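Structure, as structure tokens:
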Amino acid sequence: MKKEIFIRIGVFIISLLLASILAINVSTLGEERNHEFSFTNSTEGIYVIEELNIEYRYDKTKYEVVPFVTKPYAVIKGDKSKINLMKWGEEPQFYIELSGKPPGTYREEISYTGINKDLEVEFYPGIVDLRLMEQQTIRLTPSIELIGMDKVKENYIISVPELLKEEVLIRDIQDKLNQVGQVKGEIDVSKLTKTKEFEVSLSVYNRDGNLMPDINLLDKNIKVKVPVEKKVTIVKEEVIKKIVVVEAPKEPKVENPLPKQEGILSFVNIPENLDLTNTSSDLKWTGNVTIDVKGFKEGKYEMTVDDAGTKKTVKFVLKSNPPEENEDTDE
């Protein structure tokens, strides 16, 4: 009988020890192993929240916050039951209030909501060093890269893209703006056969050509028109002549041929008030060549004319006739 009582007492003690160990493990869920914390009594628990998501409260249209340290962590101490309620309830909120403050460097404490006031909250580090910086705006002309040009059909010509908005705005702190190299977008023209308007997504790259995804690009998309023209096949003048020229019949052979008469260069439709001075009298003409000067004004001219299939240059001058003197005399 006594032996059975001792066995029961031993089982009870072992169960009590196991329950205590389990309770300690649950209450310290989330504790960072690199940190050691001592218990002041058997009812106290510790909860560690690593890498706090801190909300910086300020005018985000004018400023930006740049912290000088990595994300701090919080250690929460107190009654185990209250810690467990907090862990399984809504997540607490951590923030730093900067509203109304001018640009500058600050050392601020972290505020919080959603934690029982009976619990003790410690932050590491306890003070956050940060800089509140004013945002600036710059304007840039985006560049458009046409990809797939090597796949465009041979009988089509892709012209330079036309930006329907020539400048885009970037608004951010000066440190970031100083790194900006270009704003660029891409258009695939490999299957383009007619002029088309595209909506192009833009990205910002730094001076080394690396993407800057966190910079505040206000105009993320722009419209771009890509002109396309169809090639026109041009037949050379020599080919046309070969097609249309009909070979003339050979003249019969004459034993005593008459001397061949030279052609004449003549001008027609000469304005009445102009006097033609021909500067091409030194040219010899195979056939008769007529130049129509209707509508020509006073001045020097140089024209290329066809003399029986041969191109010749004619230079001439149109001069105004001097006005005739009035022969009437006053009596």
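The values are calculated or read from the model by the stated rules, or taken from the named source; none is laboratory data. The shown structure was predicted, so the numbers you read here are calculated from the model rather than taken from an experiment. Every residue, glycine as well, gets a Cβ built from its backbone with ideal geometry; the counts of neighbours run over all protein chains shown. In case anyone asks, the SASA skips ligands and DNA or RNA and just uses the protein heavy atoms, side chains included. Shrake-Rupley method; radii C 1.70, N 1.55, O 1.52, S 1.80 Å.
A compact table of results
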| quantity | calculated |
| --- | --- |
| Estimated inter-spin distance, residue 206 and residue 95, nm [label 7 Å along Cα→Cβ] | 3.2 |
| Cut-off under 5 Å, modelled amide H: who pairs with residue 56 long-range | 96 |
| Cβ-based net charge around residue 227, under 15 Å, with every Lys or Arg adding one and every Asp or Glu removing one | +3 |
| Net lengthening on full extension, residue 88/residue 167 (0.36 nm per residue, minus Cα-Cα) | 23.3 nm |
| Alpha-carbon centroid distance for the pair the range 92-151 / the range 262-317, whole angstrom | 83 |
| 5 angstrom amide H check on residue 314, placed H, neighbours 5+ away | 303, 304, 305 |
| Full-extension gain in nm, residue 186 to residue 305, via 0.36 nm per residue minus C-alpha separation | 37.7 nm |
| Among 67-74, 207-214, the order from most to least packed when residues are scored by Cβ within 10 Å on average | 67-74, 207-214 |
| Rounded, prolate or oblate (a/c below 1.5 giving rounded, otherwise prolate when a/b exceeds b/c) for the range 40-157 by Cα gyration tensor | prolate |
| Net charge over other residues, Cβ less than 12 angstrom from the Cβ of residue 307 (K, R count +1; D, E count -1) | +1 |
| Heavy atoms of residue 77 accessible to a 1.4 Å probe, total area in Å² rounded to 10 | 40 |
| Segment residue 220-residue 319, extension gain: residue separation times 0.36 nm, minus the distance between their alpha carbons | 29.1 nm |
| Backbone N under 14 Å from the residue 59 label point (7 Å along Cα→Cβ), restricted to the range 102-130 | 102-104 |
| Cut-off 13 Å between beta-carbons: net charge of the residues surrounding residue 70, Lys and Arg +1, Asp and Glu -1 | -2 |
| Accessible area in square angstrom per residue, the range 164-219, 1.4 angstrom probe | 60 |
